[in-house]
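K.L.:
My structure is below; once you've seen it, I'll send some questions.
The values are calculated or read from the model by the stated rules, or taken from the named source; none is laboratory data. Computed from a predicted model, the values in this text were never measured in an experiment. A quick note on method: Cβ atoms are made from the backbone with ideal geometry, for glycine too, and the neighbour counts reach across all protein chains shown. Calculation scope for accessible area: heavy atoms of the full protein, side chains included, ligands and nucleic acids excluded. Shrake-Rupley method; radii C 1.70, N 1.55, O 1.52, S 1.80 Å.
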Amino acid sequence: MGPGNFRRCRERIPQGLQGLPGRAELWFPPRPACGFPGDGRSTDVQEEALAASPLLEDLRRRLTLAFQWAVQRATSRRAREAAAAAAAREEQSWTRVEATLARLRAELVEMQFQNHQLARTLLDLNMKVQQLKKEYELEITSHSQSPKDDAANPE
C-alpha cells in the first residue's frame, strides 16, 4: 500500500471528526481508518473488533430488548387508550339512549294525562247530549199532547 492509499483512507474520515479547526488545544490528529500492511495495526484493529464483538453484541441485544419493550409499552398504552375511548363512546351512547327514553317516558305520561282529560270531556259531552235528548223528547211529548188536549178541552 503506497502513500496514495493512505491519502484515500484519510479522505474517508469526515472533516468534522478530525478535530475542531481553529481550536488548537482541542485538536487531535486524525487516526488513519485503515492500516498499512506489515505495520501491525491491521491485526490490532481485528483483535479489537473481536474483543469488542461480545460487548457490541451485548449492547445490540440490550438495545433490541429496550426497543421491543418500548414498542410493547406504547402499543399497550395505545390499546388501553383505544379501549378507554371506546368505553367512553359506549357510555355516551348509553347516556344518549337513556336521555331519549326519559324524554319518551315524559311524553307518554303527558299523552296519558291528555287521554284521560279527553275521555272525561267525552263522557261529559255524552251526558249533556243524553240530557238534551231527554229534554227534547219531553218537549216533543208535551207539545204533542197539548194540541190534543186543546182540541179535546175547548175552553
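K.L.:
Has segment 54-73 got at least one residue that is in a helix (DSSP H, G or I) and surrounded by fewer than 10 Cβ atoms within 10 Å (Cβ to Cβ)?
P.N.:
Residues of segment 54-73 that are in a helix (DSSP H, G or I), as a first pass: 54-73.
Filter once more, so that each one left must be surrounded by fewer than 10 Cβ atoms within 10 Å (Cβ to Cβ): 54-55.
There is at least one residue in segment 54-73 that is in a helix (DSSP H, G or I) and surrounded by fewer than 10 Cβ atoms within 10 Å (Cβ to Cβ).
K.L.:
Look at Leu50 and say whether it is open to solvent by 80 Å² or more (accessible area, probe 1.4 Å), at pLDDT 80 or above and part of a helix (DSSP H, G or I). Can you show your working first?
P.N.:
On the way: open to solvent by 80 Å² or more (accessible area, probe 1.4 Å): yes; at pLDDT 80 or above: no; part of a helix (DSSP H, G or I): yes.
Answer is no for this residue.
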